[in-house]
Amino acid sequence: MDMSAGGRAALLSDHMLERSSCPGPSRHLGNQGSLLPGSRTPCKAGCLSPWLLGSGPSQDRLVWRGPVTLGFFPLVSWTGQFRVIGPGHPIRALVGDEAELPCHIYPGKNATGMEVGWYRPPFSRVVHLYRNGKDQDAEQAPEYRGRTELLKDTMGEGKVTLRIRNVRFSDEGGFTCFFRDHSYQEEAAMELRVEDPFYWINPSVLVLIAVLPVVLLQTAVGLLYLCLQHRLRGKLRAEIENLHRTFGNPF
């Protein structure tokens, strides 16, 4: 029996290979992996005796005692399976702006025939759903209808992006992206953080913006008062001079 045919032969770990006696012929795996006849040893059926590694004419072979079928464990096939990978950091967006939530499968494969979607835990509110080759708008939660778009340019490579327009503060929190291929489904979690446009401004600048209008208003009022006072004084001085001309200087 060739150990390389039909999958790999899984070697048993040391703790599984305990000394025991089982009935049945001993079998030796030669240098090429072929089975060689050996001696018979009394033991209980269904048990495995240890295999030996060593040097010399008899110890350089793998020794198996028990049924020949024991000791070969086919590896699980991962064909058709994949992992879903989301962004490794929170996605930031300003309120009223757009947010893009990327997601892809690994290894990359064509996802146009899969079911792809985003939902919000813990109540699984559907944010966007793509199934049977088209967007299922009727499945969306009311608060996301007309605000989402699935970017499919790289869907043939297993990469998709959900765009959310007119971001609201209520959009902040966790999202889950999933890919379903027949009965197999994987998903990845991500987080959206919604921030106010003034969040990026330095606090000292915010204080200045708040105080500046008050200072400007006070300055304008003060200048207006000085201007009016100057005009009133000038008018009063002119009237006094007119009185002097009219009545003359009594002295």
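Rule-based calculations on the coordinates, nothing more; no lab input. Computed from a predicted structure; not experimentally measured. Note: ideal-geometry Cβ built from the backbone for every residue, glycine included; neighbour counts use all protein chains shown.
Annotation for region 136-146: at least one member residue is part of a helix (DSSP H, G or I), over 18 Å from the mean Cα position of the chain (by Cα) and within 17 Å of residue 100 (Cβ to Cβ). Looking only at region 153-190, residues that are within 11 Å of residue 99 (Cα to Cα), assigned to a strand (DSSP E or B) and not aliphatic (A, V, I, L, M) come to 2 in all. Residue 194: surrounded by 12 or more Cβ atoms within 10 Å (Cβ to Cβ) and in a loop (DSSP other than H, G, I, E, B), yes or no? Answer is no for this residue. When residue 127 is tested against (1) buried (at least 16 other Cβ atoms within 10 Å of the Cβ); (2) without any contact (Cβ under 8 Å) to a residue 60 or more places away in the chain; (3) part of a loop (DSSP other than H, G, I, E, B), exactly one condition is not met: (3).
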